[in-house]
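Chemist: Supplied in structure tokens, the structure appears directly below.
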2 protein chains.
Amino acid sequence: MPDRTNERKKRVTIVDVAKAAGVALSSASAALNNRPGVSNETRKRIAAKAEELGYAPSLRGRSLSSKRTFSVGLVIQRDIDVLESDPFFGSFITGIEEVISHRDYALVLQISKNEEETLERYRKLSLDGRVDGVFLNELRINDERAELIKELDLPAVAINSADSLKLPNVRQDASVPFRQLTELLIEQGHTRIGHVSGPREFLHSFVREHAWEETLKQHCLPIGPIFTGDFTYEGGKKAAFALMRDKNRPTAVVCSNDLMAVGFIQGCKDLGMRVPQDVSVTGYDGIALSTYIRPTLVTAKTNPRHLAREAAEMLMQIVDGGQPQNRTIPPATIVYGNSVGKAPRAENNF
Amino acid sequence: MPDRTNERKKRVTIVDVAKAAGVALSSASAALNNRPGVSNETRKRIAAKAEELGYAPSLRGRSLSSKRTFSVGLVIQRDIDVLESDPFFGSFITGIEEVISHRDYALVLQISKNEEETLERYRKLSLDGRVDGVFLNELRINDERAELIKELDLPAVAINSADSLKLPNVRQDASVPFRQLTELLIEQGHTRIGHVSGPREFLHSFVREHAWEETLKQHCLPIGPIFTGDFTYEGGKKAAFALMRDKNRPTAVVCSNDLMAVGFIQGCKDLGMRVPQDVSVTGYDGIALSTYIRPTLVTAKTNPRHLAREAAEMLMQIVDGGQPQNRTIPPATIVYGNSVGKAPRAENNF
DNA sequence: TAATAAAGCCGAAACGTTTCGGTTTAACAA
DNA sequence: TTGTTAAACCGAAACGTTTCGGCTTTATTA
């Protein structure tokens, strides 16, 4: 009598399928993967047996043999407090999933606290052979990840990278909407237009700041005061305190993202100013929060999900051995909230 | 002359290490995994050689052989619009990472649109052998996942499950803070206290609603009007329109989460009511947004990160063959914002 | 009809580990 | 000295695929 206590369901392997169909293992493999070299008739028979036995290919066996993992990696470098109020990754991940899940790929997600750890994570993902490729975002000027992935020979797609980094890239240009936002303020009569930027080392901070600056130059306006923020609400608030207590304070401020804009507005309110009567504010991202607050924010709505879809498609192509061209998606579109108004005529003291 | 064009860096395997150290493959394996059966001397020699050759064990080989993947899975069932403004998963994932990364585990993250797809994802994660275990959250009454993971024999840890589902569980009890919030309103003289709940099928909706109801009963107060929301901002706004246009409207409302509370407050404002003078509002979660709005929200701050850490530790134990006890973390603590005030003395008409 | 090509199929190796039973060596007790 | 035991070490199998060279069979061409 067999001992049933320790009986474990044995996995149905491709060997079982091959035996059941009366063919060689290699034929079963070819048939099930739709590769040539097996007649239609036997192909069907094998497929039928596989179905009948409930065969599900083992990812483990497959990846050892094929040297592929059918996974892609994303490392998010974020302070937890920031991550909580950052809607970017939710939609970015959704976009990735939309593409890769159809190809039976999965996403490995990691979170890191600083640049050093981020590099370590990417390195380990590659050395462990955990992923076939990775996404890179929030690139820095001279981002070390660029050379790392070359050193590791790791397929990668970057988001809003710079050409100089020579990475496969998908871009949603920010300079167009930042120009539009700045010109929107100019049209309203503002002449002293400040900027709350992100940390200087980020490429995207730079692009945004640059677009703001160039637009002012082209309109022969002074380059208003600038505050280097950190993309957080608190940072935006600090910016308000730093920029708006000055006699010569700007009458309008272009913020590098929505969260800082919201913080900036709150900071202005705390200082006793009204938005948009005393000061106009714009953001960038188009997060939900920008419609929850009053005044609602004038901003530009980006599309992380679309960005992610394109990036994922590119990565899939690279993993398949292709060399896809860089892609571009349409720029963010302006969202007309209530945080922008006419330039105040005279200066009030607060 | 060797052809260098197609030369690929060959991976350093444990066989190379064994050869270099002059031992059998099996000894090298034992040594590198700190298993007994190898002398200290040779252990050192093997480790040295491994270091020297830059040996990194192949996860692929390891997982095929050991039948482990060193990955855990999480399926997030969320509409993308909701996901964007949901800070829960950011911190939840952070908590998971904090525990599993030290054990060289990685997180596989998937997103699904509906219940059916969610089940499919969990099933596939298991059948593919992609993960060693999974997390389950936002459980429903009679959640189908419970039997699925039993059928699949898949290690799992649930978040705020019900005992009836018989899942390893980690809980942060919501009834305590909901009682406290309700009593806070009662202390302020409110006698008509409504509730904006989450969808009825969720266990956590039920717990929150129940705590509110029981507290009212114990204080011999009428069970105020209830609106079944959907945990979104828009849902909260709708709730305000539904509940607050009535003559006999409540003077205070306990919302099942912050996002609905924020929407509710905006809805009240749109109706011309002041918070907290005309109506008091409470939330639950303690998201950053609750401090960005005015009035700031009276709420209770939950700790998804802590929850996740405990859950991840439990899952690691289960994966190691243990049978851990259910865990509980301290309940959310009340955050005193400005959205609660004394009950208005007379009824105003709007 | 014989030579050739192509399609269909097979067997075996390879991927890089873990695991397990067996053999050798060393240490110790009788 | 000899027998016993445990520790150290080894060899081979197993995990479940993919891949590749070679063998049959059938179809095609001269």
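The values are calculated or read from the model by the stated rules, or taken from the named source; none is laboratory data. Since the structure is predicted, the reported quantities are computational estimates derived from the model, not experimental observations. Methodologically, a virtual Cβ is constructed for each residue, glycine included, from the backbone with ideal geometry; neighbour enumeration extends over all protein chains shown. Note: accessible area is taken over every heavy atom of the protein model, side chains too, but ligands, DNA and RNA are not part of it. Shrake-Rupley method; radii C 1.70, N 1.55, O 1.52, S 1.80 Å.
Conditions (1) closer than 30 Å to B:N142 by Cα; (2) surrounded by fewer than 24 Cβ atoms within 10 Å (Cβ to Cβ); (3) in contact with a Ser or Thr (Cβ under 8 Å, 6 or more places away or on another chain), marked per residue:
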| position | (1), (2), (3) |
| --- | --- |
| B:V196 | yes, no, yes |
| B:L221 | no, yes, yes |
| B:D230 | yes, yes, no |
| B:K237 | yes, yes, no |
| B:N248 | no, yes, no |
| B:G283 | yes, no, yes |
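Chemist: Hey, among the residues in segment A:276-287 that are out of contact with any Asp or Glu (no Cβ under 6 Å at 6 or more places or on another chain) and of a type in the set (A, V, I, L, M), which one's farthest from the other protein chains (Cβ to nearest Cβ)?
Modeler: We begin by selecting, within segment A:276-287, every residue out of contact with any Asp or Glu (no Cβ under 6 Å at 6 or more places or on another chain); these are A:276-282, A:284, A:286.
Subset that is of a type in the set (A, V, I, L, M): A:279, A:281.
Values: A:V279: 17, A:V281: 14 Å.
Checking each candidate, the answer is A:V279.
Chemist: One residue is enough: does segment B:70-85 have a residue meeting the conditions within 12 Å of DNA strand C (Cβ to nearest atom) and assigned to a helix (DSSP H, G or I)? First the steps, then the outcome.
Modeler: Applying the first criterion (within 12 Å of DNA strand C (Cβ to nearest atom)) to segment B:70-85 yields B:70.
Checking which are assigned to a helix (DSSP H, G or I) leaves us with none.
No: zero hits.
Chemist: Moving on to the next point. Every residue in segment B:103-134 that is in contact with a helix residue (DSSP H, G or I) (Cβ under 8 Å, 6 or more places away or on another chain), in a helix (DSSP H, G or I) and of a type in the set (A, V, I, L, M), please.
Modeler: Across segment B:103-134, the qualifying residues are B:L119, B:L127.
Chemist: Which of (1) away from DNA strand C (no atom under 16 Å from the Cβ); (2) part of a helix (DSSP H, G or I) is the odd one out, the single condition B:A50 does not satisfy?
Modeler: Every listed condition holds for B:A50 apart from (1).
Chemist: Only one residue in A:K44, A:K49, A:K67 is within 11 Å of DNA strand D (Cβ to nearest atom) and either open to solvent by 50 Å² or more (accessible area, probe 1.4 Å) or more than 8 Å from every other protein chain (Cβ to nearest Cβ) (or both). Which one?
Modeler: Values: A:K44 fails: within 11 Å of DNA strand D (Cβ to nearest atom); A:K49 fails: within 11 Å of DNA strand D (Cβ to nearest atom).
Residue meeting the stated conditions: A:K67.
Chemist: B:R145 is checked against (1) farther than 16 Å from B:E313 by Cβ; (2) at pLDDT 95 or above; (3) open to solvent by less than 10 Å² (accessible area, probe 1.4 Å) and fails just one. What number does that condition carry?
Modeler: Checking B:R145 against (1) farther than 16 Å from B:E313 by Cβ; (2) at pLDDT 95 or above; (3) open to solvent by less than 10 Å² (accessible area, probe 1.4 Å), the one that fails is (3).
Chemist: Separate question: Just checking, which of A:I93, A:I100 is within 30 Å of B:K10 (Cα to Cα), more than 10 Å from DNA strand C (Cβ to nearest atom) and in a helix (DSSP H, G or I)? Give the derivation first.
Modeler: Numbers: A:I93 fails: within 30 Å of B:K10 (Cα to Cα).
Within the list A:I93, A:I100, the selection yields A:I100.
Chemist: Would you tally the residues in segment A:70-88 being over 30 Å from B:L289 (Cβ atoms) and facing another protein chain (nearest Cβ under 8 Å)?
Modeler: Qualifying residue count, segment A:70-88: 1.
Chemist: Any idea which of A:A18, A:A24, A:A56, A:A31 is within 13 Å of DNA strand D (Cβ to nearest atom), open to solvent by less than 30 Å² (accessible area, probe 1.4 Å), at pLDDT 90 or above and farther than 23 Å from B:K124 by Cβ? Let's see the steps before the verdict.
Modeler: On the way: A:A24 fails: open to solvent by less than 30 Å² (accessible area, probe 1.4 Å); A:A56 fails: farther than 23 Å from B:K124 by Cβ; A:A31 fails: farther than 23 Å from B:K124 by Cβ.
Of the residues listed, the single one that is within 13 Å of DNA strand D (Cβ to nearest atom), open to solvent by less than 30 Å² (accessible area, probe 1.4 Å), at pLDDT 90 or above and farther than 23 Å from B:K124 by Cβ is A:A18.
Chemist: Oh, and also: May I ask you to list the residues in segment B:142-158 that are more than 13 Å from chain A (Cβ to nearest Cβ) and part of a loop (DSSP other than H, G, I, E, B)?
Modeler: Residues satisfying the conditions are B:N142, B:D143, B:P155.
Quick grid of which residues meet (1) surrounded by fewer than 22 Cβ atoms within 10 Å (Cβ to Cβ); (2) among the hydrophobic types (A, V, I, L, M, F, W, C); (3) facing chain A (nearest Cβ under 8 Å):
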residue	(1), (2), (3)
B:S112	yes, no, no
B:Y122	no, no, no
B:R130	no, no, yes
B:L136	no, yes, no
B:R140	yes, no, no
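Chemist: Here's another thing I want to ask about it. Within segment A:322-349, track down each residue that is open to solvent by 60 Å² or more (accessible area, probe 1.4 Å) and either in the same structural domain as A:V157 (by TED's automatic domain parsing) or not basic (K, R) (or both). Explain how you work it out, then say what you get.
Modeler: Of all residues in segment A:322-349, those open to solvent by 60 Å² or more (accessible area, probe 1.4 Å) come to A:323, A:325-326, A:328, A:330, A:333, A:336, A:338, A:342, A:345-349.
A:Q323, A:Q325, A:N326, A:T328, A:P330, A:T333, A:Y336, A:N338, A:A346, A:E347, A:N348, A:N349 - these are the residues of segment A:322-349 that are open to solvent by 60 Å² or more (accessible area, probe 1.4 Å) and either in the same structural domain as A:V157 (by TED's automatic domain parsing) or not basic (K, R) (or both).
Chemist: A further question on this structure: Which pairs do you get when a residue that is over 22 Å from A:F202 (Cβ atoms), found in segment A:144-155, comes within reach of a residue that is of a type in the set (D, E) and open to solvent by 10 Å² or more (accessible area, probe 1.4 Å), reach meaning Cβ atoms under 8 angstrom, with the pair 6+ apart or on two chains?
Modeler: Close Cβ pairs satisfying both conditions: A:P155/A:D132.
Chemist: Report, ordered by the first and then the second residue, all pairs with beta carbons closer than 7 Å, sequence separation of six or more or different chains, a first member in segment B:114-135 that is farther than 18 Å from B:L83 by Cα, and a second member that is open to solvent by 30 Å² or more (accessible area, probe 1.4 Å) and not in a helix (DSSP H, G or I).
Modeler: Listed by first residue and then by second, the contacts come to B:G129/A:S58; B:D132/B:R68; B:D132/B:P155; B:G133/B:P155.
Chemist: Does B:K9 fit the bill of being modelled with pLDDT under 90 and either touching a His at 6+ places or on another chain (Cβ under 8 Å) or more than 8 Å from DNA strand C (Cβ to nearest atom) (or both)? Write out each step before concluding.
Modeler: Details: modelled with pLDDT under 90: yes; either touching a His at 6+ places or on another chain (Cβ under 8 Å) or more than 8 Å from DNA strand C (Cβ to nearest atom) (or both): yes.
It is true that B:K9 is modelled with pLDDT under 90 and either touching a His at 6+ places or on another chain (Cβ under 8 Å) or more than 8 Å from DNA strand C (Cβ to nearest atom) (or both).
Chemist: Is there any pair with a first residue in segment B:89-105 that is at negative phi and more than 7 Å from chain A (Cβ to nearest Cβ) and a second that is acidic (D, E) and part of a helix (DSSP H, G or I) whose Cβ atoms are under 8 Å apart and which are 6 or more apart or on different chains, and what are they?
Modeler: Listed pairs, sorted by first residue: B:V99/B:E313.
Chemist: Right, something else. Kindly provide the set of residues from segment A:265-275 that are away from chain B (no Cβ under 12 Å) and either buried (at least 24 other Cβ atoms within 10 Å of the Cβ) or in contact with a strand residue (DSSP E or B) (Cβ under 8 Å, 6 or more places away or on another chain) (or both), ordered by number. Spell out the reasoning first.
Modeler: Initial filter on segment A:265-275 (away from chain B (no Cβ under 12 Å)): A:268, A:271-275.
Matches in segment A:265-275: A:C268, A:V275.
Chemist: In addition: Kindly indicate whether A:F206 is open to solvent by 50 Å² or more (accessible area, probe 1.4 Å), under 25 Å from the mean Cα position of the chain (by Cα) and at pLDDT 95 or above. I'd like the intermediate steps shown before the answer.
Modeler: Working: open to solvent by 50 Å² or more (accessible area, probe 1.4 Å): yes; under 25 Å from the mean Cα position of the chain (by Cα): yes; at pLDDT 95 or above: yes.
So A:F206 passes the test.
Chemist: Does B:R305 satisfy the criteria of being basic (K, R), open to solvent by 30 Å² or more (accessible area, probe 1.4 Å) and within 14 Å of chain A (Cβ to nearest Cβ)? Before the answer, list the steps.
Modeler: Working: basic (K, R): yes; open to solvent by 30 Å² or more (accessible area, probe 1.4 Å): yes; within 14 Å of chain A (Cβ to nearest Cβ): yes.
In short, yes.
Chemist: I would also like to ask the following. Tell me, please, whether a residue that is among the hydroxyl-bearing types (S, T, Y), away from DNA strand C (no atom under 16 Å from the Cβ) and not assigned by TED's automatic domain parsing to the domain that holds B:T232 can be found in segment B:103-114. Even if it seems obvious, please write down each step before you answer.
Modeler: From segment B:103-114, those among the hydroxyl-bearing types (S, T, Y) are B:105, B:112; that's our starting set.
From what's left, away from DNA strand C (no atom under 16 Å from the Cβ): B:112.
Next, only the ones that are not assigned by TED's automatic domain parsing to the domain that holds B:T232 stay: B:112.
Yes, segment B:103-114 has at least one match.
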